[in-house]
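See structure below.
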Amino acid sequence: MAAANAKIKVPEKAKKGEVIEIKTSIVHDMESGQRKDSGDKLIPRRIINKFQCKYNGVEVFRMDMQSAVAANPYISFFTVATESGKIELMWYDDNGEVYTATSQIIVE
């Protein structure tokens with residue numbers, strides 16, 4: 001797994017049971033596989049095809065992506081603050097690479 005060049009916004013603190021918003025974007029070229037290089041050869045598709053979020057090891061959000069997703073995708077979703085711990089974000093691309101980023105949350 002590689003460290004992601006990502007921006008993450010997770011609340012530092014939340015009350016137990018509070019609905020929180022997690023926002024993230026990652027730098028990735030998201031090559032569709034439909035463009036040609038200078039030699040008129042197709043550039044292979046290389047997109048992030050899956051995004052996953054785990055909260056203390058438990059999956060709370062998953063998303064499949066297709067070639068129509070823009071470069072540097074932005075994702076926003078909600079979950080419930082249940083306990084203090086780690087929010088882990090994972091992006092999977094067509095080359096089998098997995099990019100990860102983490103953040104901590106304190107639940108009072």
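Details
- Residue match in segment 32-48 (condition: within 22 Å of K86 (Cβ to Cβ) and either in contact with a helix residue (DSSP H, G or I) (Cβ under 8 Å, 6 or more places away or on another chain) or assigned to a strand (DSSP E or B) (or both)): yes
- Of residues in segment 82-101 being within 26 Å of M65 (Cα to Cα) and without any contact (Cβ under 8 Å) to a residue 60 or more places away in the chain, the one surrounded by the most Cβ atoms within 10 Å (Cβ to Cβ): Y92
- Failed item in (1) in contact with a Leu (Cβ under 8 Å, 6 or more places away or on another chain); (2) over 26 Å from V107 (Cβ atoms); (3) not aliphatic (A, V, I, L, M), with T24 passing the rest: (2)
- Residue list for segment 16-55, restricted to those being over 22 Å from D94 (Cα atoms), surrounded by 13 or more Cβ atoms within 10 Å (Cβ to Cβ) and under 12 Å from the mean Cα position of the chain (by Cα): I22
- Scanning segment 19-29 for residues that are part of a loop (DSSP other than H, G, I, E, B) and either among the small types (G, A, S) or farther than 23 Å from T102 by Cβ (or both) returns a single hit, D29.
- Residues located in segment 63-77, provided they are surrounded by fewer than 12 Cβ atoms within 10 Å (Cβ to Cβ) and assigned to a strand (DSSP E or B): D64, Y74, S76
Every read-out reported here was derived from the displayed coordinates using simple, explicitly stated rules and does not represent laboratory data. Owing to the predicted nature of the structure, the values given are computational and were not obtained by experimental measurement. All Cβ positions, glycine included, derive from the backbone under ideal geometry; neighbour counts span all protein chains shown.
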